[in-house]
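Undergrad: My questions all concern the structure below.
Read-outs throughout are calculated quantities, based only on the coordinates presented, and are distinct from any laboratory measurement. In this text the structure is predicted, and so the values were computed from the model without any measurement. Counting neighbours? That spans all protein chains shown, and the Cβs are built from the backbone with ideal geometry, glycine included.
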Amino acid sequence: MLSLPSAERVQKDADGSCAVYMIVLDVSRKFPRSRLWPVIIWVFNEQSADTGRIVKTNHPDLERAVKVAAEEAAIAKRVLFLSCSQKVFHLWHVVHKPFSYNFALLAVIHVALVLMMGYF
């Protein structure tokens, strides 16, 4: 859960590949604890009808440790990819703003034409 690329690698990657790698990490860590529960159940020799889903164990400290590890991994990923995500969102705004201004202008022209033609 805690394996991340080095900071140098993230800084070297282009903006597009960095964004794709962030998405891949998010998808692969969607349910990180669900992969651990069968191992935990096997190690502690607990009985469970279905080990493929997240089940409660008799070890709340262990469950809390797994939850904290997952939160730590998510925070570490956010910190590592912060500069990359800022670049991606800056590029998004560069592309998005002209379209939104044009659509707002088209909406104003549309309303003006509707009022001038008397359809209102």
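Undergrad: Report the gain in length on full extension from PHE99 to SER17: 0.36 nm times residue separation, minus Cα-Cα distance, nm rounded to one decimal.
TA: 27.1 nm
Undergrad: Grab the beta carbon distance between LEU91 and VAL111, set R0 = 41 Å, and tell me the FRET efficiency rounded to 0.05.
TA: Rounded to the nearest 0.05, the efficiency is 0.85.
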